[in-house]
Amino acid sequence: MAYFDEQQKETSEVLQLVSFFIGSEEFGIDILYVQEINRMSQVTKVPNAPDFVNGVINLRGRVIPVIDLRLKFGMPKKEPDKNTRIIVMEVSGKTVGFIVDSVNEVLRIPKNVTEAPPSLAMGINSEYIKAVGKLEDRLLILIDLEKILSKVENVQLKNVMEPKND
């Protein structure tokens, strides 16, 4: 009987995700990482920041780096519009804002409708991709936020936040 209960629990595990668009691709991130979702605001450019860092924003007195996911994923830059959002998340112990084209919805999907991404089929660097969710009418690319920044990029981001005093 205990085996059945374990099996039942395994198949009924649910992922809570925030879905968003970059271009025509829909992505999902674990809602536990998300602190808030804001309209696009004034981003202050930072000299010598890596290309993918759009700049920093002041969020209630905290200076937060903002990363343009389009650039991070090797997509062309796009001017912000009324749908552009900054998703503020906690990633690897840092609060970071990610610019996305639009936020779609909060959804719950059973874990058993996800599978590992096909190795060559993805246009963006597949190391960021945790899984692909197969929903009734669409595919949802689940991003592994812990892998979205390489070790080098984490150091670059830290340098943006804590410039060296020369």
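With (1) in a loop (DSSP other than H, G, I, E, B); (2) of a type in the set (Ser, Thr, Tyr); (3) under 16 Å from the mean Cα position of the chain (by Cα) as the list, and Thr95 as the residue in question, which single condition is left unmet?
(1)
When only residues in region 126-141 that are among the aliphatic types (A, V, I, L, M) and part of a strand (DSSP E or B) count, which is farthest from Thr114 (Cα to Cα)?
Among those residues, the one meeting the criterion is Ile129.
Please tell me if Asn83 is polar (S, T, N, Q) and either in a loop (DSSP other than H, G, I, E, B) or within 18 Å of Lys147 (Cα to Cα) (or both).
When the stated conditions are applied, Asn83 passes them.
So which residues in region 56-75 are more than 18 Å from Tyr128 (Cβ to Cβ) and surrounded by fewer than 17 Cβ atoms within 10 Å (Cβ to Cβ)?
Correct list: Asn58, Arg60, Gly61, Arg62, Val63.
Could you tell me whether region 102-113 includes any residue that is modelled with pLDDT of 75 or more, surrounded by fewer than 18 Cβ atoms within 10 Å (Cβ to Cβ), within 23 Å of Gln16 (Cβ to Cβ) and hydroxyl-bearing (Ser, Thr, Tyr)?
Yes, region 102-113 contains a residue that is modelled with pLDDT of 75 or more, surrounded by fewer than 18 Cβ atoms within 10 Å (Cβ to Cβ), within 23 Å of Gln16 (Cβ to Cβ) and hydroxyl-bearing (Ser, Thr, Tyr).
Being at negative phi, at pLDDT below 95 and not charged (D, E, K, R) is true for just one of Ser41, Ser19. Which residue is that?
Working: Ser19 fails: at pLDDT below 95.
Unique residue meeting the criteria: Ser41.
Within region 117-166, how many residues turn out to be aliphatic (A, V, I, L, M) and at pLDDT 85 or above?
9
Tell me whether region 58-77 contains one or more residues that are within 15 Å of the chain's Cα centre (by Cα) and on the phi > 0 side of the Ramachandran plot.
Scanning region 58-77 turns up at least one residue that is within 15 Å of the chain's Cα centre (by Cα) and on the phi > 0 side of the Ramachandran plot.
The values are calculated or read from the model by the stated rules, or taken from the named source; none is laboratory data. Quick caveat: nothing in here was measured; it's all calculated off a predicted structure. Because the Cβ atoms are built from the backbone with ideal geometry, glycine has one as well, and the counts that use them run over all protein chains shown.
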